[in-house]
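Contents: one structure, followed by commentary.
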């Protein structure tokens, strides 16, 4: 259990499991509201990776888990989280890693892969074709509604998706002001996917409403593979097929 100061002074918490081997470490980045423990440890994914002989590193994104939690939206956004990843690699002196991101973390991973040459293999899970249109009016208004939901009375929220995120925030004791700030700062410009050179796997649950049309995202990344498995946005994380597909891809 360790911390480092990122490029702008925000303190980032991370953990390591397993031993260094001939293969590069696997870095894991979780989704919105969650943390490394919720997304990766409890579902058994960290254990599966270490049993496969991999060293695993997972961080809590700024505003999440045990990392520092500013309340200013200017401190957030996936582009800043991608810089946090590079700072983590610098902190640990790593020359090559495999990167796995889920949901918000998948957007972070894609952004990191457009500018970070130390990423050997890339996995983006829980996102789909909508990633190509982050600047749409629908997404802008959705971010504002999510931010409001984080600060409102839970019983006043009528939209089931917003209510679900708010319930998760309450369940994991998230800092809701930090979550509201990140909601306003969600990435809203085009990701230059053509700059990604690392072999990439796009993986999504067949019933995941946040990962519709994943083939569109796959086609936008040169040479990317696509795997669709059983599950929705939450349940897919514990599915053996989901975990096995990622481990097999990273072992190649």
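All of the numbers you see were taken from the coordinates with simple rules; none came from a lab. All of these numbers come straight from a predicted model, not from anything done at the bench.
Report, as a whole number in µm² per second, the diffusion coefficient that Stokes-Einstein gives for the stretch 1-91 at 25 °C and 0.890 mPa s using the Kirkwood radius over alpha carbon pairs.
The estimated diffusion coefficient comes to 182 µm²/s.
Give me D for the chain in µm² s⁻¹, whole number, from Stokes-Einstein with Rh from the Kirkwood sum over alpha-carbon pairs, 4 °C and 1.567 mPa s.
Approximately 72 µm²/s, per Stokes-Einstein.
How high is the relative contact order of the chain? Use alpha-carbon pairs under 8 Å, at least six apart in sequence, and give a whole percent.
Once normalised by length, the contact order is 20 percent.
Hey, what does the equivalent ellipsoid look like for the stretch 5-53, semi-axes from the Cα gyration tensor as sqrt of 5 times each eigenvalue, largest first, whole Å?
22, 16, 8
Given a cut-off of under 8 Å on Cα pairs at least six residues apart, what relative contact order in percent is computed for the stretch 57-179?
Over the stretch 57-179, the number comes to 25 percent.
Sort largest first and round to whole Å: the equivalent ellipsoid semi-axes of the stretch 88-201, each the square root of five times a Cα gyration tensor eigenvalue.
For the stretch 88-201, the ellipsoid semi-axes come out as 30, 17, 11 Å.
By DSSP, what percent of the beta bridges with both residues in the chain are antiparallel, rounded to the nearest 5?
30
What number in nm² do you get for the stretch 103-154 if you take the convex hull of its Cα atoms and divide its surface by four?
Projected over every direction and averaged, the Cα hull of the stretch 103-154 covers 4.8 nm².
Average projected area of the Cα convex hull of the stretch 65-110, in nm²?
3.8
Rounded to the nearest 500, what is the chain's calculated 222 nm mean residue ellipticity when only DSSP H runs of at least 4 contribute -39500 (n - 2.57) each, over all residues?
-10500 deg cm²/dmol
For the stretch 45-131, what is the Kirkwood estimate of the hydrodynamic radius, computed as the reciprocal of the mean inverse distance between distinct Cα atoms, to one decimal in Å?
About 13.8 Å for the stretch 45-131.
At a temperature of 20 °C and a viscosity of 1.002 mPa s, determine how fast the stretch 31-80 diffuses translationally according to Stokes-Einstein, using the Kirkwood radius over alpha-carbon pairs as Rh; express D in µm²/s, rounded to the nearest whole number.
Reported coefficient: 176 µm²/s.
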